[in-house]
Each structure stands twice: as structure tokens, then as C-alpha cells.
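For reference, the structure discussed in these notes is given below.
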Amino acid sequence: MKNFKSHYPKLKPNLLIAISLVLIVACNEKNITAKKSETLSLKEAFKNEFVIGAAVNDQLIFEEDSLGAKLAKEEFNTITPENSMKWMYMEPQQGVFEFETADRYIDFSTKNNIAFIGHNLVWHSQLAEWVKKITSKEELNASLKNHVQTIAARYTGKIHGWDVVNEALNEDGTLRNSLFLEKLGPDYLVNSFKWAEEADPKAELYYNDYNMTRKEKRAGAIELVKMLQKNGARVDGIGMQAHWGLTDPTLEEIETSILAYADLGIQVMITEFDITVLPNPWDLEGAEVSQNFEGSEEMNPYTKKLPDSVSTLLAKRYKDIFSIFKKHSDKISRVTFWGINDGVSWLNNWPIENRTNYPLLFDREYNKKPAYYGVLEVATDSTL
Ligand code: G3I
């Protein structure tokens with residue numbers, strides 16, 4: 001089930017020693033007095049459990065964000081492009097593919113021995129405008145096939161796995177009425193997986209979605225994978241995006257979901273992990289969603305700094321969740337964070353723009369947060 005590990009090249013021992021030395025030297029006085037485990041990177045700490053990844057952006061790949069690039073190389077053994085391989089960027093005009101940026105991502109991962117996850121081939125969002133204007137079923141089918149196969153074929157042998165289809169489900173577990181479903185029916189799902197496999201037989205193929213811990217959606221995702229398998233499509237893994245909060249979903253929901261997906265006999269992956277610490281306007285009972293919360297202190301309470309009390313809660317939440325991941329590490333092949341540090345997280349702009357969120361393990365200055373140490377503790381605590 002855990003093909004990921006066997007594909008991922010092991011770090012050479014001398015490289016590990018070098019990384020450890022660099023980290024030790026770089027430690028400030030406070031860190032030097034801290035635990036031995038701090039000299040371990042995330043990828044090293046969890047090397048017997050699963051690979052650890054991050055979503056990365058163009059600034060990092062082009063090394064304009066040199067600190068981000070350094071962190072990516074030191075801490076993570078897999079990366080996912082946050083935006084740049086989506087349809088609107090890869091094929092902005094019909095049949096005209098823009099490979100330049102994507103090639104740089106692949107080069108970065110190859111050069112640094114980091115496994116690459118392609119994100120994504122088929123998604124109703126961030127589509128190119130021309131696709132939305134297609135009216136005939138035949139043309140849409142041919143365009144979808146060409147998109148999937150041209151991109152998958154280009155990166156054969158250089159990509160570990162593809163999010164072949166992203167977010168095809170509604171919250172109640174039924175199929176989302178996307179442009180693809182509307183015109184092509186559920187065949188588009190089966191065909192997309194088959195086309196991807198044909199173009200790059202060695203890449204792993206995943207279905208990826210959010211809210212995968214909710215009961216109805218979970219049932220829908222399981223049904224979807226079974227439908228794909230029954231129709232002869234190869235599915236290697238299921239991606240639980242994991243855009244979670246401080247209390248939701250519950251630990252029970254997370255564990256139940258991991259076990260339910262693993263029962264399909266495929267890899268379970270945590271693909272877009274982050275934990276928002278900010279209030280969600282949709283939680284406010286009776287609140288009108290269209291209400292403008294911009295500039296509202298109530299909705300953006302930590303503009304200067306995250307209070308220690310919340311930082312501690314976040315660290316505990318990460319620790320609790322990672323304890324579940326570790327417990328089921330025979331079923332989980334990868335845990336990817338959606339971003340390198342708090343400053344670049346999409347959660348600063350969603351669901352309200354221009355807020356200051358703190359959802360990841362590294363702060364805006366690229367320092368390790370208490371949440372980082374919470375996660376690392378799980379790796380080193382043999383009782384967990
Ligand atoms: O690049 C333009 C910039 O030129 C422009 O000035 C600016 C003005 O808004 O927009 C920039 O584009 C933004 C882009 O991110 C790059 O930063 C888009 O507006 C913004 O919508 C886009 O958001 C991305 C979102 O997907 C789009 O759906 C997020 O960064 C990205 O993290 C997010 O990732 C998705 C996964 O692909 C699928 N799962 C959910 C996840 C979170 O939404």
C-alpha cells in the first residue's frame with residue numbers, strides 16, 4: 001500500500017550529518033539548550049512513518065524567497081506546486097501549453113532530491129476561460145484528454161504522483177455539478193485517470209478533496225474510488241486536504257476517516273494540511289455571509305502577534321493530530337503542509353482578505369513555532 005516510501009530516494013548519511021551540523025551551528029543559545037530532537041528535520045524525524053511535504057510557490061522555486069527555498073530543502077522530502085500547475089497557467093489558450101514555470105518546479109525537485117507531486121490535472125476551479133466557453137461534448141472531451149495527456153507525458157519519470165482529479169464532490173457526497181460532469185457525465189472521472197495512466201504509467205494517481213472527514217462526503221469519496229476501480233481506472237491514493245481548525249474536525253472524525261479510506265486498499269495522504277486560528281464568519285450564528293468583515297477587529301484579532309495562549313493551543317492541536325497520523329503510519333504515506341510559513345499561507349486571504357493568520361509550523365521570519373516542536377515531539381516520543 002505504501003508505494004511512496006519505496007519510490008523516494010533515501011538521503012545519504014553524509015548529507016544527513018552535514019544538515020545536522022549546519023542546523024546545530026545555526027541554533028541560537030535558546031535552541032542549543034533545548035532537546036536533542038531539534039537537530040532533526042521534520043523529514044528525518046518521520047522517516048520511518050511517512051514523507052513530509054509542503055506546497056511551494058514561484059518565489060520559492062525561483063529562489064527569490066531564498067529562506068523559503070532553504071527550508072524546503074532542509075525540512076521536506078516532497079513538494080507540491082501551490083498554484084502554478086493548474087489549468088489556467090498550464091494551458092491558458094487552447095492547445096498552447098506554458099511549461100517554463102512548471103519545468104523550474106520539476107528542476108528544483110530533481111536537483112534537490114525532493115519527490116514531486118503534480119497538482120492538479122482536472123479541477124473545476126482555476127480553469128482557463130476558453131474551457132468554460134466550449135459547448136460541444138466532443139470538443140470538451142478531446143480538450144480534457146489533450147490537457148491530461150500532454151502534461152502527464154511531459155513529466156514522465158520526474159513526478160512521483162498526480163492529483164489527477166481535485167474536488168469533484170459536493171458536501172453531501174454527490175458528484176459536483178462541474179462543467180465536466182454536466183457535459184461529459186461521470187465518465188470524465190474514469191477517463192481522466194485512464195488517460196493519466198496511459199501518459200505516465202509510473203506516476204501514482206490520486207483523488208484529492210477537502211472536508212474528507214465529514215460523514216456524507218467521506219461516503220461519497222469512498223463510493224467514487226470504488227466506481228473508478230470498478231470501471232478499470234487505477235487509483236493509488238486518496239488525498240485528505242486537511243484545511244482544519246483548532247477544534248474541528250474532531251480527532252475521532254480524523255481517525256475514522258483515515259481508517260475508512262485505508263480500507264479501500266490504497267494509500268491515504270494528508271495533502272494540504274494547515275490549521276486556521278482565526279474566527280470563521282460562517283460560524284457566527286445568524287451572521288450574513290455577504291456582510292463585509294474587512295478591517296473588522298473581531299475577525300482579525302491577532303494583527304501584531306499570536307497570543308501565547310493560542311500558540312499553545314495550536315501546538316497541542318498539531319501534536320494531537322500528528323499522534324493519530326503516527327498511530328496509523330502504516331496507512332499514511334505522506335503529510336504535506338499547505339505552504340512553507342505563515343506569511344505565504346492562503347489563509348491570510350480566505351475566507352476574508354488581508355487578515356493575519358498563523359496556520360503553519362514556521363512563522364513569518366521562518367522560525368520554528370511551538371507547533372513545530374509539538375509535531376517533532378510526536379516523532380521522538382516512543383510512547384506515542
Ligand atoms: O497571481 C495573482 C496576482 O497577480 C494578483 O495580483 C492577485 C490579486 O488577487 O491574485 C493572484 O492570484 C491569486 C493566486 O492564489 C496566487 O496567489 C488568486 O487571486 C487566488 O485566488 C489564488 O488562490 C489560490 C487558491 O487555491 C485558488 O483556488 C491559493 O493561493 C491556493 O493556496 C489555493 O489552493 C487550493 C488547492 O489548489 C486546492 N484545495 C484548496 C486549496 C485552498 O483553497
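Taken together, the values in this text are just the output of simple stated rules run on the coordinates, not laboratory data. Not measured: the values here are computed from a predicted model. Methodologically, a virtual Cβ is constructed for each residue, glycine included, from the backbone with ideal geometry; neighbour enumeration extends over all protein chains shown.
Once you charge only the Cβ atoms, +1 for Lys and Arg and -1 for Asp and Glu, what is the size of the charge dipole of the chain about its Cα centre, to the nearest 20 debye?
Values: 44 positive and 55 negative charges, 280 e Å.
The calculation lands at about 1340 debye.
Between Thr110 and Met227, what is 0.36 nm times their sequence separation minus the Cα-Cα distance? Round to one decimal in nm.
Values: separation 117, 0.36 × 117 = 42.12 nm, distance 3.44 nm.
Separation in residues times 0.36 nm, less the Cα-Cα distance, equals 38.7 nm.
Kindly put Ser329, Ser323, Ser66 in sequence by how many other C-beta atoms sit within 10 Å of each C-beta, fewest to most. Let's see the in-between values first.
Numbers: Ser329 15, Ser323 19, Ser66 11.
The most exposed by this proxy come first: Ser66, Ser329, Ser323.
How long is the gain from Glu216 to Gln94 if the chain were fully straight, where each residue apart is worth 0.36 nm and the alpha carbon distance is subtracted?
Values: separation 122, 0.36 × 122 = 43.92 nm, distance 3.64 nm.
Full extension from Glu216 to Gln94 adds 40.3 nm.
Say each of Leu67 and Asn367 gets a label point 7 Å from the Cα, pointing the same way as Cα to Cβ; how far apart are those two points in nm?
1.0
For segment 78-162, state which trypsin sites (Lys or Arg not before Pro) are in a DSSP loop and have at most 14 other beta carbons lying within 10 Å of their beta carbon. The partial results should precede the final answer.
Values: sites: Lys86, Arg104, Lys111, Lys132, Lys133, Lys137, Lys145, Arg154, Lys158; in loops: Lys86, Lys133, Lys158.
Those satisfying the criteria are Lys133.
Which of Trp350, Trp162, Trp244 comes first, and how do the rest follow, when ranked by fewest Cβ neighbours within 10 Å?
Numbers: Trp350 12, Trp162 30, Trp244 24.
So the residues, fewest neighbours to most, are Trp350, Trp244, Trp162.
Taking loop as defined by DSSP and a crowding limit of 16 other beta carbons within 10 Å, which trypsin sites (Lys or Arg not before Pro) in segment 327-370 fit? Intermediate values should be presented prior to the final figure.
On the way: sites: Lys327, Lys331, Arg334, Arg355, Arg364, Lys368; in loops: Lys331, Arg355, Arg364.
Those satisfying the criteria are Arg364.
Which value in deg cm²/dmol, rounded to the nearest 500, describes the helix-derived mean residue ellipticity at 222 nm for the chain, given -39,500 (n - 2.57) per DSSP H run of n ≥ 4 and division by the residue count?
On the way: 16 runs with 157 residues, N = 384.
Here the helix-only value at 222 nm equals -12000 deg cm²/dmol.
Rounded to the nearest 0.05, what FRET efficiency is calculated for Thr303 and Asn83 with R0 set to 35 Å and r the Cβ-Cβ distance?
That pair, Thr303 with Asn83, gives E of 0.85.
Take the Cα of Lys316, step 7 Å along the line toward its Cβ, and report every residue of segment 261-278 whose backbone nitrogen sits under 13 Å from that point.
none
Could you line up Tyr358, Tyr155 from fewest to most neighbouring Cβ atoms inside 10 Å? Please list the in-between numbers first.
Details: Tyr358 25, Tyr155 20.
Fewest to most other Cβ atoms nearby, the residues stand as Tyr155, Tyr358.
Points 7 angstrom from Cα along the Cβ direction at Lys202 and Glu294: gap in nanometres?
4.9
Using 19 Å as the cut-off for backbone N distance, which residues of segment 320-335 belong to the label zone defined by a point 7 Å from the Cα of Leu251 along Cα→Cβ?
Under cut-off, by backbone N: 320-332.
Please list, by residue number, every one of the GluC sites (Glu not before Pro) in segment 337-384 that is coil in DSSP and has at most 15 other beta-carbon atoms within 10 Å. Display every interim value, and only then the final one.
Working: sites: Glu353, Glu365, Glu377; in loops: Glu353, Glu365.
Sites meeting the loop and neighbour criteria: Glu353, Glu365.
Roughly what would the spin-label model give for Glu171 and Ser329, points 7 Å off Cα along C-beta, in nm?
About 3.6 nm separates the two model spin labels.
State which entries of Lys43/Lys230; Lys137/Lys202; Lys226/Lys326; Lys326/Lys369; Lys137/Lys331; Lys183/Lys217 exceed 28 angstrom in Cα-Cα distance in the structure shown.
Details: Lys43/Lys230 36 Å; Lys137/Lys202 30 Å; Lys226/Lys326 26 Å; Lys326/Lys369 20 Å; Lys137/Lys331 39 Å; Lys183/Lys217 23 Å.
Pairs exceeding the cut-off: Lys43/Lys230; Lys137/Lys202; Lys137/Lys331.
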